Every structure is written in C-alpha cells, then in structure tokens.
Amino acid sequence: MPAVLIHGVPDTHRLWDPVRHRLTRTDVEAWDLPGFGTPAPDGFGCSKKEYVDWLIQRLERFGEPVDLVGHDWGCILSARVAALRPDLVRTWAGGNGPISAAYRWHPLARIWQDPIEGERFMAQLEPASFASDLVTSFDVPAEAAREMVSRVDAAMKASILELYRSAVTMGSEWEPSLADLEAPSLVFWGVLDPACPAEFGERLGKSVRATKVVELDCNHWTVLQKPAEVAAALEMHWNAQ
C-alpha cells in the first residue's frame, strides 16, 4: 500500500520533497490540494468539507488502505478523512494542525476569515515581504520561503480565503469525531510554533490515541526544518504496524 502526503497552507506537494528524499520506501505520493498548484475542479468551493470529500474520492481509487500523512491543514483534513473512513487508512500521522474546540485561530487566519480584511490582505500581498515574514516569524529556510511564496497565485489566494472562512468553528465541529479514528496514529509537532502551540499537539495525540507524540525542537514547518527527524519518525511508525 502507498503512503500519501498532504500539504497545508500556503504550500504545494513540493513541501514534502525534503522528507521524501530521506525515506527508504518508494511508494510515496505527495498530492496538491485543489487550488494549491493545481486547478480546482469546476464547481469546487474550497470549503473544508469539499477538501475532505475530494481526498476520500481519490483515496478510494487505490482499493486498499494507505499510510496517510498530513502537515498543517493537511493534518486537519487527513485526520478528518481517517475518522470518517477508517477503511481507507492503514496508519495516520499528522503535525502542526490543531483540531480542538479550545484552539483560537492565529492572527493571520482571523484576517483571512474576515471578508474585508482577507481580501485586502491578498490584494496587497507582496511576495518578498511575505517570504521575509515566513523566515522571521516561522524560521522557514529562506530559499524554501521564496519558493513557497512564488506558488501563491490568484487561485491559491482565493482557495485559502474560502477554506479558512469555512473553518471558523472547525475545532468544535471536528474534534469529537477524532474518537472514531481507528488507525495507528503518530503526531509530530514543532514545539516552537507560535501559531499552533505544543499543547495542541499533545491534545491531538490524546484524541487519536497516538502511539507516540514526537516533539521537535523547531517551528511550524517541521517538514522543512527537521526533515530527517520527520522521515525517521514516519518510517518507524509505518514499520511498527
């Protein structure tokens, strides 16, 4: 069975390259979510539910359970998939994507959720400044930050706004269903993340009865900052099942 890696915001499948290069297995796929480096299907509204439904439909094509992994929104969406469709998931792993009624969205998310401020932010987004903010606030490597921001086109901007506006109460809506996640689970978390504090990694681990919560001495983008450690944790998790 393959491993499927799901990115978050504002990323594409390229986020996973540093981890994939360190994995020994070759049956690994990293997908672009609709609107993130790939066009959204006609009529696709980019809501959290539509992304979950899209993931389910793609996973059904395999005909066997996969090792599902997500970071940031990829963590949130993949956990929801694993809870709703345990038949599709052999193992689950996720990081730095809080799913908790107690979580308060970070300041930038709240801007994106506002119908006026969000549009203004995206209209005024200046790539070099945004990349610099990712470096200074989240310790994203400078080259990776520039590459990441270069992919933020009009389609991604619109997708981000719709996704976050659909998710104002995501934590309270989706946290209860985590109890239905049956797959052996791993949580990996950058504990220096100002947007997604470490306590929510611990809380997620308890909610999904994770076999392990791996705390990494880094910021939000664990897969860029600690790719070797993430790859090792994933392979240990997969091999234990």
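The values are calculated or read from the model by the stated rules, or taken from the named source; none is laboratory data. Just so you know, these numbers come straight off a predicted model, no measurement behind them. Virtual Cβ from ideal backbone geometry, glycine too; neighbours counted across all protein chains shown.
A few notes on this one:
- Search result, residues across region 184-213 that are of a type in the set (A, V, I, L, M), crowded, with 21+ Cβ neighbours inside 10 Å and in contact (Cβ under 8 Å) with a residue 60 or more places away in the chain: 186, 187, 204, 208
- Verdict on residue 222 being closer than 22 Å to residue 84 by Cα, at pLDDT 95 or above and not small (Gly, Ala, Ser): no
- Within region 6-58, the set of residues being surrounded by 18 or more Cβ atoms within 10 Å (Cβ to Cβ), among the acidic types (Asp, Glu) and in a helix (DSSP H, G or I) comprises just one member, 50.
- So residue 106, is it within 23 Å of residue 191 (Cα to Cα) and surrounded by 17 or more Cβ atoms within 10 Å (Cβ to Cβ): no
- Count - residues of region 59-88 that are over 17 Å from residue 1 (Cβ atoms) and surrounded by fewer than 21 Cβ atoms within 10 Å (Cβ to Cβ): 1
- The single residue among 74, 45 that is under 19 Å from residue 177 (Cβ atoms) and either in contact (Cβ under 8 Å) with a residue 40 or more places away in the chain or under 15 Å from the mean Cα position of the chain (by Cα) (or both) turns out to be 74.
- Criterion: among the polar types (S, T, N, Q), closer than 24 Å to residue 13 by Cα, exposed (fewer than 13 other Cβ atoms within 10 Å of the Cβ) and at pLDDT 95 or above - qualifying residue of 136, 169, 91: 136
- Within region 180-193, at least one residue is touching a Phe, Trp or Tyr at 6+ places or on another chain (Cβ under 8 Å) and more than 23 Å from residue 82 (Cα to Cα).
- A search for C-beta distances below 7 Å between a residue of region 220-241 that is touching a residue at least 12 places away in the same chain (Cβ under 8 Å) and any residue that is surrounded by fewer than 22 Cβ atoms within 10 Å (Cβ to Cβ) and part of a helix (DSSP H, G or I), counting only pairs 6+ apart in sequence or on different chains, returns 220/138; 221/138; 223/18; 224/18; 224/144; 227/18.
- Conditions (1) out of contact with any Asp or Glu (no Cβ under 9 Å at 6 or more places or on another chain); (2) at positive phi; number of the one not met by residue 17: (2)
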